[in-house]
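Chemist: Structure incoming, see below.
The values are calculated or read from the model by the stated rules, or taken from the named source; none is laboratory data. Just so it is clear, the structure is predicted and the values come from calculations on it, not from any experiment. We place every Cβ from the backbone using ideal geometry, glycine too, and count neighbours over all the protein chains shown. The accessibility values were calculated without ligands, DNA or RNA, using every heavy atom of the protein model including side chains. Shrake-Rupley method; radii C 1.70, N 1.55, O 1.52, S 1.80 Å.
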Amino acid sequence: MKKEMRAAKFNKFNGPKGVEVGTMEVPELKEGEILVKIKAAGVNPVDAVITKGYYKDMMPHPFPVIPGWD
């Protein structure tokens, strides 16, 4: 059985209005990664910029993107 998590995410670059909160599968961990359970999260002004696609050519953004770069 696959585990699910709640996440704020977006599937295309159309600004902050496209960010939705929902469930998704917990991603498989790769070497050097850890899974952390959190109770609260925040976002930065840079997250709004990323949702508009301004950095799409400078860094990879595989969809769905989960904002929060802190």
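Chemist: Would you say Lys2 is touching a residue at least 40 places away in the same chain (Cβ under 8 Å) and assigned to a loop (DSSP other than H, G, I, E, B)?
Modeler: No.
Chemist: What are the residues in region 5-32 that are assigned to a loop (DSSP other than H, G, I, E, B) and under 26 Å from Val49 (Cα atoms), if any?
Modeler: Of everything in region 5-32, those that are assigned to a loop (DSSP other than H, G, I, E, B) and under 26 Å from Val49 (Cα atoms) turn out to be Asn11, Lys12, Phe13, Asn14, Gly15, Val19, Val26, Pro27.
Chemist: Applying the selection to region 12-70, what residues are among the aromatic types (Phe, Trp, Tyr) and over 25 Å from Lys2 (Cβ atoms)?
Modeler: Passing the criteria: Phe13, Tyr54, Tyr55, Trp69.
Chemist: Can you tell me which residue in region 20-32 is most open to solvent (accessible area, probe 1.4 Å), limited to those that are aliphatic (A, V, I, L, M) and within 16 Å of Pro62 (Cβ to Cβ)?
Modeler: Checking each candidate, the answer is Leu29.
Chemist: Are there any pairs with C-beta distances below 6 angstrom linking a residue in region 15-42 that is on the phi > 0 side of the Ramachandran plot to a residue that is of a type outside the set (Asp, Glu), with the two at least 6 apart or on different chains, and if so which?
Modeler: Gly15/Thr51; Gly15/Lys52
Chemist: Let me ask something additional. Any idea which of (1) at pLDDT 95 or above; (2) open to solvent by 100 Å² or more (accessible area, probe 1.4 Å) is the one Phe10 doesn't satisfy?
Modeler: For Phe10, the exception is condition (2).
Chemist: Contact list please: Cβ distance under 6 Å, first residue in region 50-68 and closer than 22 Å to Gly22 by Cβ, second residue not in a loop (DSSP other than H, G, I, E, B), pairs at least six apart or on different chains.
Modeler: Thr51/Phe10; Thr51/Pro16; Pro64/Lys9; Val65/Phe10; Ile66/Ala7; Ile66/Lys9; Pro67/Asp47
Chemist: Here is a further query. I'm trying to understand the selection: among the residues of region 33-61, which are of a type outside the set (A, V, I, L, M) and either open to solvent by 100 Å² or more (accessible area, probe 1.4 Å) or part of a helix (DSSP H, G or I) (or both)?
Modeler: Result: Lys37, Lys39, Pro45, Asp47, Thr51, Lys52, Tyr54, Lys56, Asp57, Pro60.
Chemist: In this structure, does Asp70 turn out to be at pLDDT 90 or above and either open to solvent by 100 Å² or more (accessible area, probe 1.4 Å) or outside any loop (DSSP other than H, G, I, E, B) (or both)?
Modeler: Answer is no for this residue.
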